[in-house]
Every structure is written in C-alpha cells, then in structure tokens.
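Note sheet for the following structure.
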Amino acid sequence: MNTRKILIIIASTIILLLFGLISSISYNTGMNYGVTNAETIRTKRAKVAETHTKQIKTVLVTKVKNTTIKNQINSAGRVVSLNNITISSEVQGRLAGNNTFKKGSEVMEGEVIFSVRDTDLRLLIKAKKSQFMSLISANIPDIRVDFGNEYIKWNNFFNTIDLEENLPDFPQMNTAKEKNYIISRSILAEYLSIRSDEEKLGKYTVLAPFDGIITKSYSDVGGNVNPGSPVVDFISKGNMEIELTVNTSEIQFINIGDTVSFTDNGKKYSGKVIRKGRFVNTNTQNISVFTSINDNEGSLYNGMYLNATITTKGTENTFKLPRRSIFENNKVFIVDTEKRLKIKNVNIIAYQGDEVIIDNMLENTLIVNEPLVYATEGTIVKAILK
C-alpha cells in the first residue's frame, strides 16, 4: 500500500510540472507575437481612421444669416357656405305655388321661397273686419255726442278701413274717459285680434333672407306642413368660408388676418384667416382654422375640396435649413473656428417641405447641410459654402 501511494504522488508531480512548462511556453509565444505585430495593428487602425477622415474631409456648409421668415403652413379643407340654414314653416297647411323650392333652385333676396295656402285665414280676416266695421259704425253716433272733438278722428279711421288691406293704425286715445269708452265697447280688443291674424297671415309666405341656393327640399307642392316642419335647406350664394386643420405645434404661428392661397385643378383663389378654433380634435389632435375665400368668378361650390397654404406674418431671428441636415431629431453638425466638427442641438419651430426653420442660432455659424457618414466630433474638415 505504501508503494502505491508513492507512485501516485510521483505521477501527480510529473503532471503538474508538464502543465507549468506548457503554460510558460504559450505565454512567451503570445508576448513575442504581440511585440512583433503591435506596429502592424497600429498601422491598420491608423489606415481605417485615415479612410474615414478622407470620406468627410470636404463638407458643404451654410452660413447662418438670421432673418424674419414667413412660415408657410400647408393644409386642406372643404368649401362651406357662410350662411347655411334650414327654413321651416311657422304655420299649418298645404304647400302652395309652382314648385319653385326644388333642390338647386336659385332664389334672390326678397323673392318667395315657398308659401302655404292661406284662403281660410284670409276669409276669416275679412269676416272679422266686417264685424269690426259694424262695431265702429254702431258707436260713431255716441262718440259724436260724448266726444265731439274726437269724432272726426274716429270717422276718418272708419272710412280708411279696406277689407283687402291691413288695418290702419289705431287712433290715439287722448283722455281717460275716451279710453274707458273704447275699451268697454271691445273696440280695441277686436282691433288687436284682427291685427294678430294679419301678422299670422304674413307667415304663410316665406321670402329669401339673402341671395342663395336651395340645397335640399323636404316636401313638394300639396304636401302638408306643421309649425316647425323643415321645408328647405338654404345656403348663401358666393359667401363662402373654408375650415382648415393644422397641427397643435403650428397654431401658435397663425394670426387673424394671415393670407391664405388655395388651389383646385390649376385654379387659384385667395383669402384670409378669420378665426381660430379653441379646441383640439381628439381623434387627429389637430385644430381648426377658418378662412374667407374670394370667388369673383362664382366657380366655387359648397363641399368642394381645396388645398391651402397659410402664409404667416413671420418669426424673427430664424434661419432655414435643408431637412437632411438634421439627425437624431434635433441635432446638426457645425464647423467651429478650428475647422473641426461639433454636434449642436437646434430648436426646430416649423417644417416646410424639404426644409426646417430653426431659431436662436448664432450669426455666421457654419452648419453642415448634408448628411455625414462615420462623422465624429473633433474631425478636421474643409468647409465649402453652398
């Protein structure tokens, strides 16, 4: 047993010595390789850096010249009539006329849009006028005796009453005695009743409140209508506006009175901002801007879709750059006084097509206006003004 233990110890010792010898040889070999090839490694790295440097040796730059830039905001919207109303009947009856209230009909201000048959009411008014005249005629003799000075006034009033015309103005009652007499005889009550019917009669004929076009008809001649029943939708002719939508970031640059240009298949129109919305659309996160539009040729129609460009009054101390100059959302490369690249954050206040508008940049700063590959801060470059 002792001999076996001695053999195991001798074998273990030999294995440890061999492992140490192999590790020593590997270490020396690695050290020799590193020393021999260090210069080669440094040379390769220098060549890579030199290659990158050559790729961005020359850069195109723009020199900052701050000014007041009129921001142009693109949008689109539909033409809508400034006056868009539904005209309803105020009385009950059947629609009369020659069917002029059809969709698409043009009606000038003061012309009849529709009327309701009023024969029954006209006959009722005539009957009540006849009774009223009889009432006055029966009281004229007493008025002549009791109110001698007022006789001529009441007699003239009686003589001017015409069954086909509205009642004349009621005579002025000058004394309390006269007033008591007239009221006690129901003369004033009958007069007011007739005047009420005459006022109602005027509601049987509906006139156009402005020059316009009927866009919808809810009934035809002969149809029954009730108070509150819609008869036609009516829009003004030539008096239009457009509702545009803009981003919440753009609304701050838009002011009342800013000019707006519109286009539609080559045709151009102009207008101005007349009001701004005060609420955000929850679905689009946009805000409405309402504009006027000039249509001297009468070529615009309600519902037309137009492209629009709002030109704002301008923002001071701003500068315009190509959008390709921007990287990582709001960064640009500038060339400093030592001709080295430097990264700078910019404040973008608006986008205009392929360009961006930035503000608060130092005058004469050289901004690289092209995208750079393998660019790093501190790289020496040759700047060429574009």
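The values are calculated or read from the model by the stated rules, or taken from the named source; none is laboratory data. Bear in mind that the values here come from a model prediction, so they are computed numbers and not experimental data. Neighbour counts are summed over all protein chains in view; Cβ atoms, including those assigned to glycine, are modelled from backbone coordinates with ideal geometry.
For the reader, a short list of remarks on this structure follows.
- For the stretch 85-115, a residue qualifies if it is among the aliphatic types (A, V, I, L, M) and more than 40 Å from the chain's Cα centre (by Cα), and exactly one does: A96.
- Within the stretch 104-119, the set of residues being over 15 Å from S217 (Cβ atoms), out of contact with any helix residue (DSSP H, G or I) (no Cβ under 7 Å at 6 or more places or on another chain) and touching a residue at least 12 places away in the same chain (Cβ under 8 Å) comprises M108, E109, G110, E111, R117.
- Test result for T318, under 27 Å from N255 (Cβ atoms) and either at pLDDT 90 or above or buried (at least 16 other Cβ atoms within 10 Å of the Cβ) (or both): yes
- Residue match in the stretch 134-150 (condition: touching a strand residue (DSSP E or B) at 6+ places or on another chain (Cβ under 8 Å) and either among the aromatic types (F, W, Y) or surrounded by 13 or more Cβ atoms within 10 Å (Cβ to Cβ) (or both)): no
- Residue in the stretch 265-272 that is part of a loop (DSSP other than H, G, I, E, B), in contact (Cβ under 8 Å) with a residue 12 or more places away in the chain, over 30 Å from I367 (Cβ atoms) and not assigned by TED's automatic domain parsing to the domain that holds L366 present: no
Yes or no, residue by residue, for (1) crowded, with 19+ Cβ neighbours inside 10 Å; (2) of a type outside the set (D, E):
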residue	(1), (2)
K57	no, yes
T68	no, yes
A76	no, yes
S81	yes, yes
E90	no, no
R94	no, yes
G97	no, yes
T100	no, yes
V107	yes, yes
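- Scoring N166 on the criteria (1) surrounded by 11 or more Cβ atoms within 10 Å (Cβ to Cβ); (2) over 30 Å from D211 (Cα atoms); (3) touching a helix residue (DSSP H, G or I) at 6+ places or on another chain (Cβ under 9 Å) leaves a single failure, condition (2).
- When residues of the stretch 335-386 are limited to those that are in a strand (DSSP E or B) and free of Cβ contacts under 8 Å to residues at least 24 places away in the same chain, the one farthest from the chain's Cα centre (by Cα): K344
- Hey, I194 crowded, with 16+ Cβ neighbours inside 10 Å and in a strand (DSSP E or B) or not: no
- Residues that are touching a residue at least 40 places away in the same chain (Cβ under 8 Å) and basic (K, R) within the stretch 127-177 comprise K128, K129, listed in sequence order.
- Selection count, the stretch 93-127, where residues are in contact with a Phe, Trp or Tyr (Cβ under 8 Å, 6 or more places away or on another chain) and assigned to a loop (DSSP other than H, G, I, E, B): 6
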